[in-house]
1. How far, in nm, would the chain grow between residue 87 and residue 332 when pulled straight, counting 0.36 nm per residue and subtracting the alpha carbon separation?
2. So how do 161-173, 44-56 stack up, highest first, on mean other-Cβ count within 10 Å?
3. What is the packing order of peptides 61-69, 302-310, 241-249, taking the mean over residues of other C-beta atoms within 10 Å and listing the highest first?
4. Please state the charge dipole magnitude for segment 76-170, taken about the Cα centre, from unit charges on C-beta atoms (+1 on K and R, -1 on D and E), reported in debye and rounded to the nearest 20.
5. In degrees from 0 to 90, rounded to the nearest 10, what is the angle of the helix 115-129 Cα long axis to the longest principal axis of the chain?
6. Within 10 Å of each candidate Cβ there may be at most 16 other Cβ atoms; applying that plus a DSSP loop requirement, which chymotrypsin sites (Phe, Trp or Tyr not before Pro) in segment 293-388 survive?
7. Which of 85, 53, 103 sits closest to the plus end of the dipole of segment 33-105, meaning its Cα is farthest towards the positive end, when Lys and Arg get +1 and Asp and Glu get -1 on the C-beta?
8. Just how large is the dipole of segment 244-388 about the Cα centre, in debye to the nearest 20, putting +1 at every Lys and Arg Cβ and -1 at every Asp and Glu Cβ?
Amino acid sequence: MRRTPLLAAVVALVAAFLSWPAQAAPSTFVHPGVTVSRAQLDFARTEVLAGAQPWKAAYDQMMASKYADLNRTPAPRATVECGSYSNPNYGCTDEREDAIAAYTDALAWYITKDARYAQKAIQIMDAWSSTITSHTNSNAPLQTGWAGSSWPKAAEIIKYTYTGTWANQARFATMLRNVYLPVVIKGSNSNGNWELTMTEAAVGISVFLEDKTSYDTAMARFRTRAAAYVYLASDGSVPKTVPSQNLDTTAKIVSYWQGQSTFVTGLTQETCRDFTHTGYGISSISHIAETSRIQGEDLYGTDVGERLRQALGFQAKYQLGTAVPSWLCGGSLNLGLGPVTEVGYNALHNRLGIAMTNTQTLTQNNRPAGTNNLFVAWETLTHGDNPS
């Protein structure tokens, strides 16, 4: 039987999946271990206290932000309602920003050892764990993923490094298990950044809960989604797909890839949408890979790392001002990648020694990387040139 380009791509996807080593939860979870490890925290703290750059500037940026304000009043809701593009916005911004604030305070605690910051992080987490019961409306899955990506990062640092009392820790864990995990563990057939962010939240929550079954489920979904989000020439004439999306014709794939019909290495499923959403997807890929590395399974030297490297390099080239060819997105790109390059650049360039000229230039130009006010925050501080 003659293979069409689409059939060949499906066959390649199945073969790749079957040949990929199985990802298994660690026998013992490492804590803190969601995106940032204790060793990384220790390195950042040492550099900040020494006044070394870029870490001191990154720390100062964080501490000057609204998220480090010790007078912050959390604003929890029982039901957070988020429509498309957060319209309506009933608690959406409050939830995301309170989660980032809890993480910010946790980082501030670790670096300063000022217990007020740990207590503020606890206050914010307690406020939400005593209140929230659900997310509703069309953006509910994505909203759950955004906030659910930040909560476990904060909780990991507080639970495993703060020696003071967190009386409602079990209630917070119950919130993650009952309100967030059931949503994010199911994934989404929406644009790739949705499912990648939801998967990031599922992985982080699974680490905090030490839920090996959920961790394995989330990591299995990550393998297929990462491969379907970033194109490599080795994939064939068309990108890989997620089977449940039913992209069973080349025309459907082209439509899903924002009308792009010329596929080149490093292109992502949302490049022709805009770089902002592309940055969300790239960020979640790097966060999951980093969490996996901390938990004992280093994916940076695998297909995941190659896709991340190529996605960073491709987007960085155009973000830096390279002229857009006519075959790419009709000759026009919506830029704005965001503060999303530090984690992947550090892992691939600094740890593995891979040349990443464009990504290096963009990363260094953007330092200190701040926050996108959704789920990415302070990664020059935590991962910038961090050897740990």
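1. Details: separation 245, 0.36 × 245 = 88.20 nm, distance 2.76 nm.
Result: 85.4 nm gained on full extension.
2. On the way: 161-173: 14.1, 44-56: 16.4.
Highest mean packing first, the order is 44-56, 161-173.
3. On the way: 61-69: 17.2, 302-310: 20.4, 241-249: 15.1.
Output ranking for 61-69, 302-310, 241-249: 302-310, 61-69, 241-249.
4. Numbers: 7 positive and 9 negative charges, 44 e Å.
Charge dipole of segment 76-170: 200 debye, to the nearest 20.
5. Tilt of helix 115-129: around 60 degrees.
6. Details: sites: 300, 314, 318, 327, 345, 375, 378; in loops: 300, 327, 375, 378.
For chymotrypsin sites (Phe, Trp or Tyr not before Pro) across segment 293-388 that sit outside H, G, I, E and B with at most 16 neighbouring Cβ atoms in 10 Å, the list reads 327.
7. The residue sitting most towards the positive pole is 53.
8. Working: 8 positive and 11 negative charges, 56 e Å.
Rounded to the nearest 20 debye, it is 260 debye.
Read-outs throughout are calculated quantities, based only on the coordinates presented, and are distinct from any laboratory measurement. As the structure is a computational prediction, the values presented were derived from the model and not from experiment. Ideal geometry is used to build each Cβ from the backbone, glycine not excepted, and the neighbour counts take in all protein chains shown.
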